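Below is one structure, written out as structure tokens; comments come after it.
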Amino acid sequence: MTGVEGYMYPNEITLYWSVLIVLYPFITGLVAGAFILASLERVFNVAAVKPTYRLALLTALSFLLVAPLPLVLHLGHPFRSPEMYFTPHATSAMAMFGYVYMWYLMAVLVFEIWLDYRREIVFLSQSTQGLLGIVYKIMTLGSTNISERALHIDERVGWVVTLVGIPSAFMLHGYVGFIFGSIKANPWWSSPLMPVVFIFSAMVSGIAGVMLLYMGLTKLRKQTIDMRCVDSIAMYLFYIFIIDFSLEMLDLVHRIYEADESFRSLDFMVHTKLYFSQIVIQICLGTILPLVLLFLTQVVKLPEIARKRIYAISGCLALIGIFAMRWNVVIGGQLFSKSFLGYTTYKMALVTKEGLFMAIALTLLPLLFLWVLIKLLPPWPETSEHAPAIGD
Amino acid sequence: MSVFKDAGHLFRFAGLFVLAFILFLVIRHFVVPKSFGQYGHYRAASIGEIAAHQVKYAGHETCETCHAEVFDVKKDGKHAHVNCEACHGALAKHADDPGAMTPTKPDTAVICARCHTASAAKPKGFPQVVPADHSTGLPCETCHQPHNPGMDAAAPKAPVKAAGGAK
């Protein structure tokens, strides 16, 4: 039997959760992480990261719009999927996720972006002609009140929305970890630490993602990178990365010390089939190396150009590492038999509905959405500062 | 009441939510079947619909009343406990009126492979082969009698090699 070693139960030979299910927690993680970065400025008053505030919100929205797509594409009958929202069952984690998703999309992200951009939207609705002007007019919801008092109310309400958004972001991504962590039949997944590890790894990927986007887009716009901002983001990335790594190691040490009946099988898998993706990519290249690089920037006074390069390399490595972590959780959890007597192999398809090309397309799609959003609602300070002041 | 005036746009956004919620309820009203939830978390009317389905399988006892000669071959072989319709398909219509429907003969190159293709999940003692290596596409009945699948004495001997299974 190709790709099978030892004994597998019949339903374990073929993997049902493909690379798209790897992509799904990766994308939702970017959403949650980007939002947490935005909340740093709004709720925790970290003024240094302000240049990335709006970009982080738009990034979160672009990725959130794509987040359910890998799941829908995975389904054999995607048009049946709304049924679980029309007739939800309390024991269905997926149905509950749908509500959390809608809440997070509309009540948190869209609302916060709308409040934050309302002043510009009103200006643009008055100065833009044609179809785009109509789009802006619809976005005003018919209200052009941008008096000082109205904007003050927006500011206060926006603060509350961000405050509510933090636990919502935790819920959104914690749920993804919960889905895996609550599967008691699978010892690779079943761990109460799973939601916590997912949340912190989400923060790492989201912060790294927004940092890279900010640096890349600023370079593309031929503007100067605000080093105070990037230094602060890198510092937060470093601290959260340490917590994330510690939690993952805690999970590992706990598994080794507990050494239950699954341990030998899982240990063998980590040393063979998962060695490259887990030990080499996830831990060495995707965690320890960026941690060491970020540590250097914290303790050694490096020139600006060196810091920029280190941040860019660390950000890319962190994203690769977090993707590898999702891969090892999703694919790793399906490679071994629950009889602990055998192992199977995942062979990724290329051009199928759940193949590599689709995964690449779904990774690029949020960037396309982000491009449209940036064109529609520019997150750069100069565009808003130069806008004329309009009274009520 | 300038607070309400200056917060008017927030009520407009809240109005969007109310509209979306009403839309959700309207769609739900039309798409959720009326009998859903009557007895449990399922559509109650489905019980009657399923009960009204016509029986499609006749059962091996019915087959044996007419095809006693096959039963005689089958009863001493390894396929004695394999139901006729497991290979021949659902044949209640044929049993009701043999003239109304004539069952097609299964292609043994395909049907046998369903159970006998090597798989790591099958016990070692279960006969299993890699069909492409074992028969190179020939129908299994060239060598095996499907109703009693020991080797046919008239056919050329071919080694049956087990190619998988647990120890």
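The values are calculated or read from the model by the stated rules, or taken from the named source; none is laboratory data. Keep in mind it's a predicted model, so treat the numbers as computed, not measured. Heads up, the Cβs are rebuilt from the backbone with ideal geometry, glycines too, and the neighbour counts pull from every protein chain shown. Calculation scope for accessible area: heavy atoms of the full protein, side chains included, ligands and nucleic acids excluded. Shrake-Rupley method; radii C 1.70, N 1.55, O 1.52, S 1.80 Å.
Find the residue count for the stretch A:306-338, including only residues that are open to solvent by less than 30 Å² (accessible area, probe 1.4 Å), within 14 Å of chain B (Cβ to nearest Cβ) and not in a helix (DSSP H, G or I). Residues in the stretch A:306-338 being open to solvent by less than 30 Å² (accessible area, probe 1.4 Å), within 14 Å of chain B (Cβ to nearest Cβ) and not in a helix (DSSP H, G or I): 2 in total.
Filtered by the rule that a residue be within 18 Å of B:HIS29 (Cα to Cα) and open to solvent by 80 Å² or more (accessible area, probe 1.4 Å), the stretch A:80-98 gives A:ARG80, A:GLU83.
Taken over the stretch B:51-89, residues that are closer than 18 Å to B:LYS105 by Cβ and touching a residue at least 40 places away in the same chain (Cβ under 8 Å) amount to 5. Against the test of being away from every other protein chain (no Cβ under 14 Å) and modelled with pLDDT of 90 or more, the options B:THR104, B:THR136, B:THR117 yield a single qualifying residue, B:THR104.
Of the helices (runs of 4 or more DSSP H) entirely within the stretch B:83-156, those holding at least 2 residues that are open to solvent by 60 Å² or more (accessible area, probe 1.4 Å) and not basic (Lys, Arg) occupy B:84-88, B:108-116, B:131-135.
Scanning the stretch A:77-91 for residues that are of a type in the set (Gly, Ala, Ser) and either within 10 Å of chain B (Cβ to nearest Cβ) or in contact with a Pro (Cβ under 6 Å, 6 or more places away or on another chain) (or both) yields one hit, A:ALA90.
Test A:TYR214 against the criterion of being within 16 Å of the chain's Cα centre (by Cα), under 20 Å from A:VAL108 (Cα atoms) and open to solvent by less than 40 Å² (accessible area, probe 1.4 Å), and give yes or no. Spell out the reasoning first.
Details: within 16 Å of the chain's Cα centre (by Cα): yes; under 20 Å from A:VAL108 (Cα atoms): no; open to solvent by less than 40 Å² (accessible area, probe 1.4 Å): yes.
No: the conditions fail for A:TYR214.
Taking the criterion of being under 15 Å from A:LEU151 (Cα atoms), open to solvent by less than 80 Å² (accessible area, probe 1.4 Å) and more than 7 Å from chain A (Cβ to nearest Cβ), the only residue of the stretch B:3-19 that qualifies is B:VAL3. Going by the structure shown, is A:PHE198 assigned to a helix (DSSP H, G or I), open to solvent by less than 10 Å² (accessible area, probe 1.4 Å) and among the aromatic types (Phe, Trp, Tyr)? The answer is yes for A:PHE198. Of all residues in the stretch A:115-131, one or more are among the aliphatic types (A, V, I, L, M), open to solvent by 20 Å² or more (accessible area, probe 1.4 Å) and over 27 Å from A:ILE233 (Cβ atoms).
State whether one or more residues within the stretch A:139-161 are farther than 16 Å from A:ALA34 by Cβ, assigned to a helix (DSSP H, G or I) and more than 14 Å from every other protein chain (Cβ to nearest Cβ). Break it down stepwise before answering.
Going residue by residue through the stretch A:139-161, those that are farther than 16 Å from A:ALA34 by Cβ are A:139-160.
Add one more test, that the residue is assigned to a helix (DSSP H, G or I), and what stays is A:139, A:148-160.
If we keep only those that are more than 14 Å from every other protein chain (Cβ to nearest Cβ) as well, we get none.
The answer is no; no qualifying residue exists.
Please determine whether any residue of the stretch A:148-169 is farther than 22 Å from B:PHE17 by Cα and in contact (Cβ under 8 Å) with a residue 40 or more places away in the chain. No: the stretch A:148-169 contains no residue that is farther than 22 Å from B:PHE17 by Cα and in contact (Cβ under 8 Å) with a residue 40 or more places away in the chain. Scan the stretch A:4-58 for residues that are among the small types (Gly, Ala, Ser) and open to solvent by 30 Å² or more (accessible area, probe 1.4 Å) and the total you get is 2.
Going by what's in this entry, would A:LEU252 be described as open to solvent by less than 10 Å² (accessible area, probe 1.4 Å) and more than 21 Å from the chain's Cα centre (by Cα)?
On the way: open to solvent by less than 10 Å² (accessible area, probe 1.4 Å): no; more than 21 Å from the chain's Cα centre (by Cα): yes.
So A:LEU252 does not fit the description; no.
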